[in-house]
Amino acid sequence: MMIVINILQNFLGKLNGSSEQYEASTGFSYSVKVQKPETGRRFVISDIHGCYHSFKQLLKTINLQKEDQLFLLGDYIDRGPNSSGVLNLVIKLIQSGFQVFPLRGNHEQMLLDLEGQDEEVIHWSLSRNNAIDLLESQGKIRQTYLEFCSRLPYIYDLGDYYLVHAGINFNSRKPFKNYEDMLWIRDFEVKEKLLQGKQIVHGHTPIELTYIKNAVKNKSSVIPLDNGCVFSGEYAGLGKLLCLELNSGEIYEQTNIDVVEKEKVAS
């Protein structure tokens with residue numbers, strides 16, 4: 001596992017430049033600056049929530065190449081049927097040399113907060129979130145996942161975009177250092193002067209597809225990207241995993257196929 005962590009640590013460290021360091025020896029940064037690739041595309045996917053098959057199919061659809069950049073806005077785990085599969089695939093992509101930039105979501109933070117808790121508490125919490133597959137046979141959270149999640153940054157600055165999981169609290173004294181709200185905030189109003197022409201792309205709150213498409217088309221200051229893939233069949237207007245290509249503004253849609261896969265297993 002340390003090989004995986006070192007790859008992620010070195011990869012982010014090279015890109016981070018002068019970004020604030022929490023502790024230099026860990027390779028962790030709250031904020032990471034990423035330069036636009038010379039030839040590749042820039043993709044953003046949000047809130048996979050254990051929908052492994054949907055995620056894998058979406059990657060096939062966009063035909064991800066190693067010169068491309070893939071930004072993931074957090075919440076890889078919980079709710080869906082295969083949290084470990086999603087994390088394993090993200091780690092595998094990084095190991096294979098793809099430019100994958102995973103962010104921390106509130107569900108990754110919740111997993112980290114369970115570390116050191118009583119085993120019964122851990123089992124109850126993961127059972128409640130349909131994520132028992134994150135445990136090893138001894139009933140503890142797999143160290144692989146804890147180490148991976150502990151190094152995830154809170155925000156990416158792409159020069160023309162800010163990428164965060166939940167949003168940015170512009171009512172706080174230091175909006176771009178209010179990392180807690182980047183994981184949890186629901187509604188926020190933008191102060192355009194502070195954005196300096198950049199756009200925010202975020203997830204966390206499931207939004208109806210038409211609204212998302214209009215935000216992209218109109219080049220809104222704030223673009224939500226979570227269409228609630230894991231809620232397929234439960235709420236009207238939700239149920240797709242989306243991928244936004246930042247350079248072209250194209251949105252790729254993947255209907256939740258994990259529901260179908262789960263039904264196949266059950267039958």
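Structural remarks
- The GluC sites (Glu not before Pro) found in segment 126-232 that occupy coil by DSSP, while having at most 15 further C-beta atoms within 10 Å, are GLU136, GLU189, GLU208.
- Sites matching GluC sites (Glu not before Pro) across segment 54-127 that sit in DSSP coil, with at most 15 neighbouring C-beta atoms within 10 Å: GLU67, GLU115
- The heavy atoms of TYR52 present about 50 square angstrom of accessible area, all protein chains included, probe 1.4 Å.
- Apolar share of the accessible surface for segment 173-267: 49 percent from carbon plus sulfur atoms, 1.4 Å probe.
- For GLN199, distant residues with modelled amide H under 5 Å away: TYR161, TYR162
- The order of PHE28, PHE231 by accessible area, most exposed first and with a 1.4 Å probe, is PHE231, PHE28.
- Largest accessible area first, the residues SER29, SER172 order themselves as SER172, SER29 under a 1.4 Å probe with ligands, DNA and RNA left out.
- For LYS140, solvent-accessible area (1.4 Å; no DNA, RNA or ligand), Å²: 110
- Per residue value of the accessible surface for segment 25-165 (all protein chains in place, 1.4 Å probe), Å²: 39
- A Förster radius of 30 Å, combined with the Cβ-Cβ distance separating LEU194 from GLU119, puts the computed FRET efficiency at roughly 0.10.
The values are calculated or read from the model by the stated rules, or taken from the named source; none is laboratory data. It should be emphasised that the depicted structure is a prediction, and the values quoted were computed from it without experimental measurement. In this analysis, Cβ positions are derived from the backbone assuming ideal geometry, glycine residues included, and neighbour counts consider all displayed protein chains. What goes into the accessible areas is simple: the full protein's heavy atoms, side chains included, and nothing from ligands, DNA or RNA. Shrake-Rupley method; radii C 1.70, N 1.55, O 1.52, S 1.80 Å.
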